[in-house]
Amino acid sequence: MAAPASAYKDRQFLAVIGDEDTVTGLLLAGVGHVSPPPDNQKNFLVVDTKTENSAIEAAFDRFTHERKDIAILLINQHIAERIRHRVETYTAAFPSLLEIPSKDHPYDPEKDSVLKRVRRLFGE
Amino acid sequence: MKGKLKGAQTGHDLLKRKSEALTKRFREITRRIDEAKRKMGRVMQIAAFSLAEVTYAVGGEIGYQIQESAKQARFRVRTKQENVSGVFLPQFESYQTEGNNDFGLTGLGKGGQQVQRCRETYARAVETLVELASLQTAFVILDEVIKVVNRRVNAIEHVIIPRTENTIKYINSELDELDREEFYRLKKVSGKKQRDAAEQEAAREAKSPEKEIATAEAGESRDLLGDEDNEDVIF
């Protein structure tokens, strides 16, 4: 019942949805990838206070459903909070969704979808 | 049918053991996820601080420049499999492709060292994140598999085994019933035979006095015929 190998064989990139500092840092580490022209798809999205929730959701959908080459999606926790219902309903194994803290918003384990599931499973 | 029941029980035991093994693994993974998440918090904090250092050293925003110069991912992951009781858990492994560096010119003017250090810090942070992501993927998959296995265990325990047992019970009762019927019939038959015999006996008994009477009559008639030579006294 494990996922077939084809489901994750080609997945080799990380995607990021985050604020400017987080994205900059991760890009410095070398995760950034822009697919070749003509589509020119970036695997990162910079979110600031002016970014619409719909834009975040669109990026989330693009990274989780449309692109087949992304293994891990990193998303800042305060951004995940803005599209929480989408994050909660996302249960697929690939790409795996990881909530990361940002500079301005320290990590809060209470809000993490996965940790919530852990707690629910252990009946706390 | 007995074989089927036995098979179901063996399957149940095996599945139960599998489910236990998976659950053990699952608990271990959740514990590690918890740890890794805490570690991630610290690592990201350090990374953010080093980025702040860069910003200070470069003396301005470099975010835009970096976003524009990102072309090819240097930091990639590959997946490999790990087999836990027949369940394949993918594991991410990070690797850096050599020889392409999008940010060669970043910080050329000033703060190059800080940029370099920041890159290393972030690379370490991303490694931690990748580790955490693979744990989390394992968690999601295991969660699903455990649910399926438990469902199967319960199905066998609460549906298949009782059903088979019921069938066996039904067959047994039916056989018993047949047995009883057969016994009853035999009894009935022997009873009938006895009754028949008794009737015949009775009939024979009933017949024989008649015969005697008949013989007696015949004797009388013979007598009647036989006393020709007797003298008739009365006449």
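The values are calculated or read from the model by the stated rules, or taken from the named source; none is laboratory data. Owing to the predicted nature of the structure, the values given are computational and were not obtained by experimental measurement. Here the Cβ is made from the backbone with ideal geometry for all residues, glycine too, and neighbour counts use every protein chain on show. SASA here: full protein model, heavy atoms, side chains in, ligands and nucleic acids out. Shrake-Rupley method; radii C 1.70, N 1.55, O 1.52, S 1.80 Å.
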Inset, instruction - Answer yes or no: is there a residue in the range A:99-110 that is in contact (Cβ under 8 Å) with a residue 40 or more places away in the chain, surrounded by fewer than 18 Cβ atoms within 10 Å (Cβ to Cβ) and in a loop (DSSP other than H, G, I, E, B). - result: yes
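Looking at B:Val148, B:Val130, which one is within 14 Å of chain A (Cβ to nearest Cβ) and open to solvent by less than 10 Å² (accessible area, probe 1.4 Å)?
Details: B:Val148 fails: open to solvent by less than 10 Å² (accessible area, probe 1.4 Å).
Going through B:Val148, B:Val130 in turn, the sole match is B:Val130.
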Legend entry - Failed condition for A:Ala92, given (1) within 13 Å of chain B (Cβ to nearest Cβ); (2) open to solvent by less than 30 Å² (accessible area, probe 1.4 Å); (3) within 29 Å of B:Leu142 (Cα to Cα): (2)
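If you check B:Arg204 against the conditions, is it exposed (fewer than 13 other Cβ atoms within 10 Å of the Cβ) and within 14 Å of chain A (Cβ to nearest Cβ)? So that I can check it myself, show each step before the final result.
Values: exposed (fewer than 13 other Cβ atoms within 10 Å of the Cβ): yes; within 14 Å of chain A (Cβ to nearest Cβ): no.
No, not satisfied.
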Legend entry - Boolean, A:Ala71 is in contact with a Phe, Trp or Tyr (Cβ under 8 Å, 6 or more places away or on another chain) and over 17 Å from B:Leu142 (Cβ atoms): yes
Legend entry - Contacts under 9 angstrom Cβ, first residue in the range A:29-50 being closer than 23 Å to B:Arg124 by Cβ, partner surrounded by fewer than 13 Cβ atoms within 10 Å (Cβ to Cβ) and at pLDDT 75 or above, 6 or more apart: none
